[in-house]
Structure formats: C-alpha cells, structure tokens
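Okay, structure first, notes after.
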Amino acid sequence: MKAIVNVVLLCAALISAPAMAEKVAVLGVQEALLSSQAAKEFRSQLKKRFSGDINQLAKLEKQAKTARDKLQKNKDLASQEELNKMRMQFQKAYTEFQKRGQVLQQKQAQEEQAFLKQMRPKLDKVIRGLIEKQGYDIVVAKQATLYASKKVDITAQVVELLNKAK
C-alpha cells in the first residue's frame with residue numbers, strides 16, 4: 001500500500017512539474033532549421049548542383065513511359081518477337097530510371113545530412129542563448145504538444161536569431 005502511495009505521489013509530482021514552471025515555450029526545431037535562410041540557400045544550391053541529374057532522370061522516365069505506352073498500344077498487333085523486344089526496351093529504361101533515381105536520392109540525403117550536421121551546433125547555440133536570455137523554465141518540442149498558444153511559440157525567434165548568427 002505504501003508503495004502505491006509513493007508511485008501516485010511521484011506521478012503527481014511529475015505531472016505537476018510543468019504546471020509549476022513559470023515560463024514555458026514551444027519550439028519547432030525542425031521547422032526553425034528548415035525555415036532559416038541557410039536552409040533556403042542550401043536547397044537552392046542543391047537544386048542547382050543536381051539539376052543535370054534531375055533532367056536526365058526526367059528523360060529516362062519519359063523514355064520508360066514511351067516504351068510502356070508503345071508496348072501496350074502494340075500488344076495485339078505485333079509479333080511475339082517484337083513484343084519481347086519492346087518489353088526488353090521498357091525493362092531496360094525502367095531499370096535505369098529506378099537505379100539513377102535511387103542514386104540521386106542517396107546523394108541528396110547525404111548532402112542534407114552533412115548540412116544538418118553543420119547547422120546543428122549553430123542551432124543549439126541559438127536555442128541555448130534564447131533560453132538563457134528569456135529565462136525559460138521549460139521548452140517543449142512543438143510536435144509533442146496538442147495545442148500551444150502562438151504567444152509561447154519561439155520558433156520564429158529562433159529562425160530570426162539563426163539567420164543573424166551566420
């Protein structure tokens with residue numbers, strides 16, 4: 001019985017701790033990082049860097065669709081040998097499209113991870129500075145809240161400070 005009372009008291013203390021905090025804020029860390037000027041510039045550079053690959057991928061997709069459409073259109077008219085040839089063309093184009101698409105996605109993901117790794121210390125420094133300056137008792141992840149007033153959302157402030165921290 002005593003153990004149950006202790007558990008209940010512990011739960012009540014944990015639940016009421018945020019209620020006792022005087023200054024609470026909500027922060028969308030991912031949103032702040034992705035809304036920063038550095039992220040916008042990074043996305044622009046990434047788009048330029050991979051534009052050739054993206055264009056090539058679009059051409060491969062078009063080739064695969066054309067081969068598929070040709071195959072479907074001629075399936076009742078062409079000989080078995082011609083159908084096999086068209087299937088092979090489609091398979092080749094589609095396989096190349098998939099392969100290059102995966103390679104491109106992996107390259108982009110690696111670049112994004114490198115960017116996030118580079119930006120994380122700046123973001124942490126900005127967040128810590130804002131917490132200290134404003135005297136927040138608790139900062140909760142925006143994703144962990146059901147509702148938060150715009151008054152307690154510090155995401156825009158973090159973006160602004162992150163843009164200044166270049």
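To keep it simple, each residue is scored yes or no on (1) of a type in the set (Phe, Trp, Tyr); (2) at pLDDT below 90; (3) under 19 Å from Gly28 (Cα atoms).
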| position | (1), (2), (3) |
| --- | --- |
| Glu82 | no, yes, no |
| Gln106 | no, no, no |
| Lys125 | no, no, yes |
| Asp137 | no, no, yes |
| Val152 | no, no, yes |
| Val158 | no, no, yes |
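Sub-8 Å Cβ pairs linking a first residue in segment 60-88 that is within 23 Å of Arg100 (Cβ to Cβ) to a second residue that is assigned to a loop (DSSP other than H, G, I, E, B), at least 6 apart or interchain, are Met86/Ala78, ordered by first then second residue.
Sub-6 Å Cβ pairs linking a first residue in segment 95-124 that is farther than 12 Å from Leu46 by Cβ to a second residue that is of a type outside the set (Val, Ile, Thr) and not in a helix (DSSP H, G or I), at least 6 apart or interchain, are Lys122/Ala165, ordered by first then second residue.
Residues in segment 120-166 that are surrounded by fewer than 16 Cβ atoms within 10 Å (Cβ to Cβ) and part of a loop (DSSP other than H, G, I, E, B): Gly135, Asp137, Thr145, Leu146, Tyr147, Ser149, Ala165, Lys166.
Is it the case, given these coordinates, that Ala21 is touching a helix residue (DSSP H, G or I) at 6+ places or on another chain (Cβ under 6 Å) and at pLDDT below 90?
So Ala21 does not fit the description; no.
May I ask you to verify whether Arg87 is among the charged types (D, E, K, R), surrounded by 13 or more Cβ atoms within 10 Å (Cβ to Cβ), part of a helix (DSSP H, G or I) and modelled with pLDDT of 90 or more? No.
Looking at Tyr94, is it among the aromatic types (Phe, Trp, Tyr), surrounded by 15 or more Cβ atoms within 10 Å (Cβ to Cβ) and part of a helix (DSSP H, G or I)?
Values: among the aromatic types (Phe, Trp, Tyr): yes; surrounded by 15 or more Cβ atoms within 10 Å (Cβ to Cβ): yes; part of a helix (DSSP H, G or I): yes.
It is true that Tyr94 is among the aromatic types (Phe, Trp, Tyr), surrounded by 15 or more Cβ atoms within 10 Å (Cβ to Cβ) and part of a helix (DSSP H, G or I).
Inside segment 41-84, residues that are of a type in the set (Lys, Arg), loosely packed, with under 12 Cβ neighbours inside 10 Å and within 24 Å of the chain's Cα centre (by Cα) make up a count of 2.
The values are calculated or read from the model by the stated rules, or taken from the named source; none is laboratory data. In this text, all values refer to a predicted model and were calculated from it rather than measured experimentally. Note: ideal-geometry Cβ built from the backbone for every residue, glycine included; neighbour counts use all protein chains shown.
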